[in-house]
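What follows is a set of notes on a single structure, which appears directly below.
A short reminder: the numbers here are calculations on the coordinates, not readings from a lab. None of these values were measured; they are calculated from a predicted model. For neighbour counting, all protein chains shown are included, and Cβ atoms are generated from backbone atoms with ideal geometry for every residue, glycine included.
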Amino acid sequence: MTASLRVVVCDDQPLIRTGFATIIGAQPDLEVVGECGDGRAAVELAGRLRPDVVVMDVRMPVLDGIEATRLLAGAGVTHPVKVLVVTTFNLDEYVYEALRAGASGFLLKDAPPAQLLHGIRTVATGAALLAPEVTRQLVGRYAARIRPAEHTPPDAPLTPRELEVLRLIADGRSNSEIAATLVISHETVKTYVSRILTKLDLRDRVQAVVYAYRRGLVN
């Protein structure tokens, strides 16, 4: 039998936290191993319990969800934990900052239970939760803030085709759309995406989009 995905739920509102935990815990393939009400506690719980996914609120006391996400999944973290951010406001600045801090995706708090469960399972696999069109909206809105720094290290040796695929990812295209655009198979696109993430040491498509904007590969 496949082991259940281990989840920590962090939200400062007890009713929401309990509701999330109840929905998640009712699934045969998911297990809530911890609950907490602030970001500092989330970091401590994750360090002790090593969950597969942390469901993280943004606005919390003691330590907010953005800083907690950076400590759990940000650059330089030796053993990063997948973070699924939940927020009240769609595409607000807090969500962007959380994704930049290392979160693998986000959901709105009023999303139906099925979306929450799908989000946890998706993030746990290493994929980004954001739909392509949402990725385009999110990063496009804040593109000016992630332009290249003056002294960036040289790019990893992507092939011309891999660069082409990366630009299409950054444009918000799904694998199927990329396959149609480049006239290649869906499986070939998946292979290219995997190679790009490996070469650039990126965790998921969200990070690939931010990378492409930061390097000026797309406008």
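Some observations on this one:
- In a simple Cβ point-charge model (Lys, Arg +1; Asp, Glu -1; nothing else charged), the range 1-77 has a dipole of about 160 debye relative to its Cα centre.
- As a proxy for reagent exposure, ranking ARG214, ARG100 by other Cβ atoms within 10 Å from fewest up yields ARG214, ARG100.
- In plain terms, the residue of CYS36, CYS10 with the fewest other Cβ atoms within 10 Å comes first and the most crowded comes last, giving CYS36, CYS10.
- Rounded to the nearest whole Hz, the Karplus-based 3J(HN,Hα) values (6.51 cos²θ - 1.76 cosθ + 1.60, θ = phi - 60°) of the range 64-73 follow the sequence 6, x, 5, 5, 4, 4, 4, 6, 8, 9, with x at glycine and proline.
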